[in-house]
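Q: This is the structure I have questions about; it appears just below.
The values are calculated or read from the model by the stated rules, or taken from the named source; none is laboratory data. For clarity, every value in this text was computed on a predicted model and none was experimentally measured. Quick reminder, even Gly has a Cβ in these numbers, built from the backbone with ideal geometry, and neighbours come from all protein chains shown.
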Amino acid sequence: MTRIFTGVGAVVVALFIYVGEVVVLAAETFASIFSQKIRWRIFMDQIVEIGLRSQLVVVITGAFTGAVFAAQTFFQFNKLGMGSAVGAVVSVAICRELGPVLTALMVTGRVGASMSAEIGTMKVTEQVDALRALAVHPVDYLVVPRALAMMLSMPLLVAECIGVGIAAGYLVAIGLLEINGTYYMANMVRWTQMRDIVMGLSKAFCFALLIVFISCHKGLTSREGAVGVGKATTEAVVDSSLAVLICNFFLTMALNIIFPAGYQ
């Protein structure tokens, strides 16, 4: 029993230490944003890397998610004679859940891994120490531009994913499944409210914070050697994905309280 409690306690303590380190990094980043000079050139490079170069992945994800969700919803709703309600279900589901979560997972795999690997390589090759020797704080130089770029790009990527997903679902429903387009659009417009869009974009912003701070923390704390960088990259993707999925539940509960039914 002693060994069991010791093992469980060690895991819990390690988890709290890890969360505390990520929170401290986030606090330092926000403090630097308001107190230090922002490196706009690096910020623009990160906008291109995070936002522009992630569009193809996001568009494909949104299109085929909306298409397959519309098809699966129709196959079930058609049994009940509710085929025209597919538009409302697809629109609300993509706005609230599928768009933000799937976009966050795809961005984690593409951008989060890249951030962790890049910063981790700088750490093991002592470039981070060189920045400190030149009186440049690593958080100001490495984390702040990436955090700002992620906070700006992620809501836009999620909005793009939502729009493409709804459009793809409409094309599949009207073109392949032969649903009446008038009723499809009428139900979608009627049941898709402003709070659904606000909830999706709010989740996108929160997921952006999780991805960037976890990925940068893994890079800054990576150990020596190529094995350490590879391990840090893998852990960044896994931890960010789990954090997105776990926080999505709590965000859903909280946002439904903040934006109750009927919110305009």
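Q: If we keep just the residues of segment 191-212 that are at pLDDT below 90 and either farther than 22 Å from residue 72 by Cβ or of a type in the set (A, V, I, L, M) (or both), which is surrounded by the most Cβ atoms within 10 Å (Cβ to Cβ)?
A: Result: 195.
Q: Check 171, 156, 220, 177 and return the single one that is more than 30 Å from residue 84 (Cα to Cα), out of contact with any strand residue (DSSP E or B) (no Cβ under 9 Å at 6 or more places or on another chain) and hydrophobic (A, V, I, L, M, F, W, C).
A: Working: 171 fails: more than 30 Å from residue 84 (Cα to Cα); 156 fails: more than 30 Å from residue 84 (Cα to Cα); 177 fails: more than 30 Å from residue 84 (Cα to Cα).
One residue alone meets the criteria, 220.
Q: Further question: Tell me, please, whether a residue that is acidic (Asp, Glu) and closer than 28 Å to residue 153 by Cβ can be found in segment 206-226. Give the steps one after another, and end with the answer.
A: The first filter runs over segment 206-226 and keeps only residues acidic (Asp, Glu), leaving 224.
Right, trim to closer than 28 Å to residue 153 by Cβ and you get none.
Looking for residues that are acidic (Asp, Glu) and closer than 28 Å to residue 153 by Cβ, one finds none in segment 206-226, hence no.
Q: Say whether the condition of being under 22 Å from the mean Cα position of the chain (by Cα) and either outside any helix (DSSP H, G or I) or over 24 Å from residue 156 (Cβ atoms) (or both) is met by at least one residue in segment 98-105. Before the answer, list the steps.
A: Residues of segment 98-105 under 22 Å from the mean Cα position of the chain (by Cα): 98-105.
Imposing the further condition that a residue be either outside any helix (DSSP H, G or I) or over 24 Å from residue 156 (Cβ atoms) (or both) reduces the set to none.
Looking through segment 98-105, none of the residues is under 22 Å from the mean Cα position of the chain (by Cα) and either outside any helix (DSSP H, G or I) or over 24 Å from residue 156 (Cβ atoms) (or both).
Q: In the list 37, 79, which residue meets the criterion of being farther than 25 Å from residue 200 by Cβ, in a helix (DSSP H, G or I) and over 25 Å from the mean Cα position of the chain (by Cα)?
A: Numbers: 37 fails: in a helix (DSSP H, G or I).
Every option except 79 fails the conditions.
Q: Next question, about the same structure. For segment 163-203, give me each residue that is touching a Lys or Arg at 6+ places or on another chain (Cβ under 7 Å) and of a type outside the set (D, E, K, R).
A: Pass one, segment 163-203, residues touching a Lys or Arg at 6+ places or on another chain (Cβ under 7 Å): 196, 199-200.
Within segment 163-203, 199, 200 qualify.
Each row is one residue, and each column tells you yes or no for (1) buried (at least 19 other Cβ atoms within 10 Å of the Cβ); (2) of a type in the set (Lys, Arg); (3) more than 17 Å from residue 40 (Cβ to Cβ).
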| residue | (1), (2), (3) |
| --- | --- |
| 115 | yes, no, yes |
| 119 | yes, no, yes |
| 130 | no, no, yes |
| 136 | no, no, no |
| 147 | yes, no, no |
| 150 | yes, no, no |
| 155 | yes, no, yes |
| 163 | no, no, yes |
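Q: To continue, here is another question. Would you confirm whether any residue within segment 68-85 is surrounded by fewer than 20 Cβ atoms within 10 Å (Cβ to Cβ) and closer than 26 Å to residue 217 by Cβ?
A: No, there is no match, as no residue in segment 68-85 is surrounded by fewer than 20 Cβ atoms within 10 Å (Cβ to Cβ) and closer than 26 Å to residue 217 by Cβ.
Q: Using the structure shown, decide if residue 140 is touching a Cys at 6+ places or on another chain (Cβ under 7 Å) and either aliphatic (A, V, I, L, M) or crowded, with 16+ Cβ neighbours inside 10 Å (or both).
A: Details: touching a Cys at 6+ places or on another chain (Cβ under 7 Å): no; either aliphatic (A, V, I, L, M) or crowded, with 16+ Cβ neighbours inside 10 Å (or both): yes.
The answer is no for residue 140.
Q: Is there any pair with a first residue in segment 53-75 that is part of a helix (DSSP H, G or I) and a second that is modelled with pLDDT of 90 or more and hydroxyl-bearing (Ser, Thr, Tyr) whose Cβ atoms are under 6 Å apart and which are 6 or more apart or on different chains, and what are they?
A: From segment 53-75, the pairs are 58/103.
Q: Residue under question is residue 96, and the condition is that it be of a type in the set (D, E, K, R), at pLDDT 90 or above and more than 25 Å from residue 233 (Cα to Cα); does it hold?
A: Details: of a type in the set (D, E, K, R): yes; at pLDDT 90 or above: yes; more than 25 Å from residue 233 (Cα to Cα): yes.
Considered against the rule, which asks whether it is of a type in the set (D, E, K, R), at pLDDT 90 or above and more than 25 Å from residue 233 (Cα to Cα), residue 96 comes out as yes.
Q: Quick check on residue 150: is it within 17 Å of the chain's Cα centre (by Cα) and aliphatic (A, V, I, L, M)? It would help to see each step written out before you state the result.
A: Working: within 17 Å of the chain's Cα centre (by Cα): yes; aliphatic (A, V, I, L, M): yes.
The answer is yes for residue 150.
Q: Sticking with this one: I'd like to know if segment 126-138 contains one or more residues that are of a type in the set (A, V, I, L, M, F, W, C), in contact (Cβ under 8 Å) with a residue 40 or more places away in the chain and within 30 Å of residue 225 (Cα to Cα).
A: Yes: one or more hits.
Q: Please state which of the following conditions residue 64 fails to meet, knowing it meets all the rest: (1) loosely packed, with under 12 Cβ neighbours inside 10 Å; (2) of a type in the set (A, V, I, L, M, F, W, C); (3) over 24 Å from residue 213 (Cα atoms).
A: All conditions are met except number (1).
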